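Contents: one structure, followed by commentary.
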Amino acid sequence: MFNRICRNLYPSLIITLMLPLPALAIPAITCHCFTDRAYDPARPSIADPYFLATTANSFFSAAFGVEKKSIVIKKQKGVSADDLWIGYWLAARSGVDPETLLEQRKIKGSWRQVATPLAIPVKSLGGRVAETLNNNFADERLTNAVVDELLLRFRFHSEPELVILRKAGAGNQELIIVALIAAKTGQPAIQLYRDIKEGRTSWGALLQRAKIEPPDIQSEIATLIKTASVFSSS
């Protein structure tokens, strides 16, 4: 039996090995699907990746005025989160279509080469973003600068609080979700983050405590941004 199975496998194995490498390549598609999307007290951290991702996507959607679904689809097709944050930030300040800028990033190889011809004034570009571009730092640092500018602009964090959270190790998704929970509960964001970092709780548990249900995250984020925008314009 074993010999017969092997004889049947050999031809397909040989054909596979003879294929050129491009034929074996797997498309660079990022899975943005989550099996666990609800808080489970028995496994309190199981849905945290989903809560972090959907909160960040909701913030992106409200901040740039784009459909959340379109951002998720782009990520599923392989567009990196870094490129989306940076591309849409530059698009909002230059008037150039974000798709055009994302294509230019592929061609030119760096966001600095894309941004320089746009000649966006520093005040509009944002001091953090301008400094990061001028120093030609990695895309991750440029993304952090974009997210920081947005968090401050929409009053999700004060500048001192943002500095403390960054120094404590908070990433972009964590900065967004902890701001939402802090706004709903009135608790200091840094204490909430420390509770997470030291393993005393989970994002799902904090959302439950704040009475924020997963389907309501997008509307909660949108309300915070709308409130900040009205306050800034008044």
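The values are calculated or read from the model by the stated rules, or taken from the named source; none is laboratory data. It should be emphasised that the depicted structure is a prediction, and the values quoted were computed from it without experimental measurement. Backbone-built Cβ (ideal geometry, glycine too); neighbour counts: all protein chains shown. Just so you know, the surface numbers come from the protein's heavy atoms only, side chains and all, with ligands and any DNA or RNA stripped out. Shrake-Rupley method; radii C 1.70, N 1.55, O 1.52, S 1.80 Å.
Couple of notes before you dig in:
- In segment 116-234, the portion of solvent-accessible area held by carbon and sulfur atoms comes to 52 percent [1.4 Å probe, whole percent, DNA, RNA and ligands not counted].
- Greater than 19 Å apart at Cα, pairs in Lys184/Lys226; Lys167/Lys211; Lys77/Lys106; Lys75/Lys226: Lys167/Lys211; Lys75/Lys226
- Rounded is the label for segment 79-154, because a/c, from the alpha-carbon gyration tensor with a ≥ b ≥ c as root eigenvalues, stays below 1.5.
- Selection of GluC sites (Glu not before Pro), segment 44-103, meeting DSSP coil and at most 15 other Cβ within 10 Å: Glu67
- Around Leu206: net Lys/Arg minus Asp/Glu count, Cβ-Cβ under 14 Å: 0
- The phi torsions of segment 193-199, fed into the Karplus equation with coefficients 6.51, -1.76 and 1.60 and a -60° offset, translate into couplings of 5, 5, 4, 5, 4, 8, x Hz, rounded to whole numbers, with Gly and Pro shown as x.
- Segment 140-153 - phi-based ³J(HN,Hα) in whole Hz, Karplus 6.51/-1.76/1.60, Gly and Pro as x: 4, 5, 5, 4, 4, 5, 4, 5, 4, 4, 5, 4, 6, 4
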